[in-house]
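What follows is a set of notes on a single structure, which appears directly below.
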Protein chains: 2
Amino acid sequence: MTTPDAAHAVGIDLGGTQIKGVLVDRSGGVLRRELRPTTDDGDLRSFVRTIRALADELGNGMPVGLSAPGLVRPDRRAIAWMRGRLHGLEGLDWTDSLERGQLVPVTNDAHAALLGEVWQGAARGLKDVAMFTLGTGVGGAIMVDGHLLRGHIGRAGHIGHICVDRYSPTVSIADMPGALECLIGNYNIRERTGDRFETTHALIEAYRERDPVAYRLWLESVQALAVTIASLINVVDPEAVIIGGGIAQAGEALFEPLRKAMKDYEWLPFGEPVKLLPATLGEWAGAIGAAGEALASPSPSSSSS
Amino acid sequence: MTTPDAAHAVGIDLGGTQIKGVLVDRSGGVLRRELRPTTDDGDLRSFVRTIRALADELGNGMPVGLSAPGLVRPDRRAIAWMRGRLHGLEGLDWTDSLERGQLVPVTNDAHAALLGEVWQGAARGLKDVAMFTLGTGVGGAIMVDGHLLRGHIGRAGHIGHICVDRYSPTVSIADMPGALECLIGNYNIRERTGDRFETTHALIEAYRERDPVAYRLWLESVQALAVTIASLINVVDPEAVIIGGGIAQAGEALFEPLRKAMKDYEWLPFGEPVKLLPATLGEWAGAIGAAGEALASPSPSSSSS
């Protein structure tokens with residue numbers, strides 16, 4: 001097993017539809033990016049072979065880090081709990097499966113995205129920072145004093161499952177009524193808009209064109225996001241909040257009304273609002289963060305020297 | 001300045017109506033407790049003299065830690081922001097004022113209460129734990145992996161200012177609509193109950209006697225607490241949640257409906273609910289936690305040896 005000084009590492013992000021792989025150097029520069037479709041034929045062995053081939057192709061013998069949805073086992077070798085398409089990966093030990101001769105650290109995908117943004121993106125150099133990932137659902141992650149909050153069972157950072165509307169009949173997959181995810185996630189956009197909009201993208205386009213229904217609906221979603229961010233600020237008190245995910249690509253159609261709504265809800269004891277920053281690594285943040293975790297993991301060569 | 005090996009320390013908790021002082025030994029045993037009224041004659045010097053006399057009486061020359069409401073300055077020598085009766089203490093440097101020859105660490109009162117409960121109370125030995133203090137308002141504190149979350153400007157743990165009812169007309173002092181504090185804090189119990197109940201204690205008494213209006217009102221408050229605890233669990237993922245403050249003295253009239261409501265809202269990926277524990281140090285938790293911080297602060301004798 002050639003584990004040189006780990007000048008490079010591979011990061012692999014397992015998503016429900018795509019697998020993303022990157023090769024990065026120690027300074028965080030991305031040397032190569034690869035995409036593969038997520039196969040769903042129920043054949044776990046063939047899936048693992050695909051991942052292993054991708055890892056070898058990107059950097060044979062180099063440290064590998066893995067990012068995936070779900071709750072990570074405390075020893076970081078597996079996902080302990082995962083719903084949806086990748087459910088079959090629960091309990092799979094990636095360190096054994098990829099035979100790298102050293103830990104293949106597994107990181108929750110939203111956690112990995114924040115680690116990526118802190119290392120190379122919008123949150124570079126920050127130590128107290130929270131991230132919201134607005135997409136099909138709403139993911140999140142929190143860093144405090146330079147340490148990622150993982151939590152007692154790996155559940156920390158599930159910001160999308162904060163309740164902001166306690167009597168709402170809409171309940172999130174984590175059993176929470178009126179959760180942020182139910183109010184801005186793309187997964188229920190049709191129900192939420194009375195079948196008027198198929199996607200959040202379409203809703204935002206109509207908002208831009210000043211469609212009055214879209215205007216009301218989008219600002220209701222933005223309001224839910226604002227009260228959640230303000231609540232989170234009161235709980236963990238970050239210096240910045242990063243907003244990423246597909247919906248964040250709306251740019252000022254999101255950030256302009258969001259900043260305005262924050263003025264109503266953010267507690268400003270010293271007058272300074274917390275910075276709201278768009279994520280900059282896009283869909284590659286998780287893979288980059290996972291690679292960073294591989295570089296940070298102790299290598300067998302350094303521990304045996 | 002006699003700073004022996006700091007086998008003992010003094011903890012002082014500055015409250016709006018009372019000042020509590022304790023002398024503790026290194027193992028956390030409380031050797032002495034003292035109460036003084038909080039004077040409010042606007043004379044800062046005389047107030048500081050009172051605190052200093054109390055500290056000397058409890059343990060002349062011993063390390064002192066201070067607990068107080070408000071946001072603590074990053075150097076921990078002063079409260080940087082405080083509303084209400086003790087507003088005049090903003091910026092007062094307690095290390096200079098008490099002339100102890102070493103840092104007098106200042107800790108937010110809710111933070112100090114959690115530190116006390118972790119050291120000597122309900123949370124003994126726990127590393128991932130959150131605390132709610134239910135009283136006039138709702139205070140809180142969070143410990144992650146053995147570290148208290150203080151936050152970027154000392155604001156972390158303001159759990160009472162999580163929004164759970166985003167369109168509520170009732171707004172907390174931290175500008176948050178439908179905040180937990182507005183729904184269970186004692187400060188607005190009259191407005192909240194249409195002048196039917198003067199105190200939360202009276203509301204709970206009527207609930208115990210199966211008064212139907214009290215029943216509905218109290219369970220609405222408990223529901224707000226349950227969704228907030230469940231939200232917080234999704235965000236920081238503790239192993240236990242401690243509930244203290246005057247309202248928590250209701251015992252099973254609080255905990256029985258609370259546990260029941262948690263079943264509707266808590267996400268249980270592995271089937272195990274987070275433990276809900278009543279605080280055990282009562283109103284002395286803050287002073288004991290402050291004393292612990294003084295014992296943990298570097299003493300000049302040890303640093304110069």
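The values are calculated or read from the model by the stated rules, or taken from the named source; none is laboratory data. Note that the structure is predicted; figures quoted are calculated from it, not measured. As a convention, Cβ positions derive from the backbone with ideal geometry for all residues, glycine included, and neighbour counts pool all protein chains shown. SASA here: full protein model, heavy atoms, side chains in, ligands and nucleic acids out. Shrake-Rupley method; radii C 1.70, N 1.55, O 1.52, S 1.80 Å.
Quick one: with label points 7 Å out along Cα→Cβ, list the inter-copy distances for A:HIS87 in nm, shortest first?
The answer, with the shortest distance listed first, is 5.8 nm.
In whole Hz and in residue order, list the ³J(HN,Hα) couplings for segment A:243-255 that follow from phi through the Karplus curve 6.51 cos²θ - 1.76 cosθ + 1.60, θ = phi - 60°; x for Gly and Pro.
Whole-Hz 3J(HN,Hα) from phi for segment A:243-255: 10, x, x, x, 5, 5, 5, 5, x, 5, 5, 9, 6.
Which distances, in nm and shortest first, link the A:THR50 label point to the same label point in every other copy, taking 7 Å along Cα→Cβ?
7.1
Once you order the gyration tensor axes a ≥ b ≥ c over the Cα atoms, which shape class does segment B:84-212 get: rounded for a/c under 1.5, otherwise prolate or oblate by comparing a/b with b/c?
Note, shape of segment B:84-212 comes out prolate.
Residue-wise, which Karplus ³J(HN,Hα) couplings in Hz belong to segment B:17-34, taking 6.51 cos²θ - 1.76 cosθ + 1.60, θ = phi - 60°, and x for glycine or proline?
Residue by residue, segment B:17-34 yields 10, 9, 10, 10, x, 10, 10, 10, 9, 4, 8, x, x, 8, 8, 7, 10, 9 Hz.
Accessible area of B:CYS163, 1.4 Å probe, to the nearest 10 Å²?
About 0 Å², rounded to the nearest 10.
In a solvent-free Debye calculation with one equal scatterer on each Cα, what is log10 I(q)/I(0) for segment A:126-271 at q = 0.12, 0.22 Å⁻¹, listed in the order of the q values?
Summing over Cα pairs of segment A:126-271 leads to -0.48, -1.50.
Around A:VAL274, under 13 Å between beta carbons, what's the net of Lys plus Arg minus Asp minus Glu among the other residues?
-1
Based on the Kirkwood radius over alpha-carbon pairs, what is the Stokes-Einstein translational diffusion coefficient of segment A:18-113 at 25 °C with 0.890 mPa s viscosity, in µm²/s?
178
Using a Gaussian network model of chain B with C-alpha springs under 10 Å, which one of B:VAL144, B:VAL235, B:VAL129 is most mobile by mean-square fluctuation?
B:VAL235
Residues with amide H under 5 Å of A:ASP175's amide H, sequence separation 5 or more or different chain, H placed in the peptide plane at 1.01 Å from N; which?
Residues meeting the amide H criterion: none.
Could you pull the copy-to-copy label distances for B:THR17, with points set 7 Å along Cα to Cβ, in nm to one decimal and sorted shortest first?
So the label point of B:THR17 gives 6.0 nm to the other copies.
I want to check a number: in chain A, how many lysine pairs have alpha carbons closer than 26 Å, given a sequence separation of 8 or more or different chains?
Details: A:LYS127/A:LYS260; A:LYS127/A:LYS263; A:LYS127/A:LYS275; A:LYS260/A:LYS275; A:LYS263/A:LYS275.
Here the count comes out as 5.
Taking the Cα centre of each part, how many Å lie between segment B:1-69 and segment B:197-268?
Using only Cα atoms, the two centres lie 33 Å from each other.
With every protein chain left in place, what is the accessible area per residue of chain B in square angstrom, probe 1.4 Å?
40
Can you pull the accessible area of A:HIS147 for me, 1.4 Å probe, Å² to the nearest 10?
About 120 Å², rounded to the nearest 10.
Mind checking which of A:GLY292, A:GLY135, A:GLY271 has the largest fluctuation in a GNM of chain A, springs on alpha carbons under 10 Å?
Maximum fluctuation in the GNM of chain A, among the listed residues, is at A:GLY271.
In Å² (nearest 100), what accessible area is buried between A and B, both sides summed, heavy protein atoms only, 1.4 Å probe?
Using a 1.4 Å probe, the pair buries roughly 4400 Å².
Express the carbon and sulfur contribution to the solvent-accessible surface of chain A as a percent, rounded to the nearest whole number, probe 1.4 angstrom. Working shown, then result.
Details: 6250 of 12230 Å².
Result for chain A: 51 percent of the exposed heavy-atom area is carbon or sulfur.
So how much accessible area does B:LYS260 have, in Å² to the nearest 10, using a 1.4 Å probe?
140
Given H placed 1.01 Å from N in the peptide plane, which residues other than close sequence neighbours of A:GLY244 have an amide H under 5 Å from its amide H?
A:PHE132, A:THR133, A:LEU134, A:ALA279
Which whole-Hz couplings ³J(HN,Hα) result when phi for each residue of segment A:132-148 is put into the Karplus expression 6.51 cos²θ - 1.76 cosθ + 1.60, θ = phi - 60°, listed in order with x for Gly and Pro?
Once rounded to whole Hz, the list reads 10, 10, 9, x, 3, x, 10, x, x, 7, 9, 10, 10, 6, x, 10, 5.
Work out which residues of segment B:212-235 lose at minimum 20 square angstrom of accessible surface when the other protein chains are put back, relative to the chain isolated, with a 1.4 angstrom probe, and list them by number.
So the qualifying set is B:GLU220, B:GLN223, B:VAL227, B:SER231, B:ASN234, B:VAL235.
Percent of Cα-Cα pairs more than 48 Å apart in the protein assembly as shown, please.
Tail fraction, whole percent: 17.
In the P(r) worked out for chain B, what percent of Cα pairs fall beyond 37 Å?
Roughly 16 percent, rounded to a whole number.
Taking the Cα centre as origin and putting +1 on Lys and Arg beta-carbons and -1 on Asp and Glu beta-carbons, what dipole magnitude results for segment A:231-288, to the nearest 20 debye?
80
Using the Cα centre of chain B as the reference point, and only Cβ charges (+1 on K/R, -1 on D/E), how large is the resulting charge dipole? Debye, rounded to the nearest 20.
Numbers: 29 positive and 37 negative charges, 19 e Å.
Result for chain B is approximately 100 debye, rounded to the nearest 20.
Hey, what did segment B:68-193 get for relative contact order, percent, Cα under 8 Å, at least 6 apart?
RCO, segment B:68-193: 17 percent.
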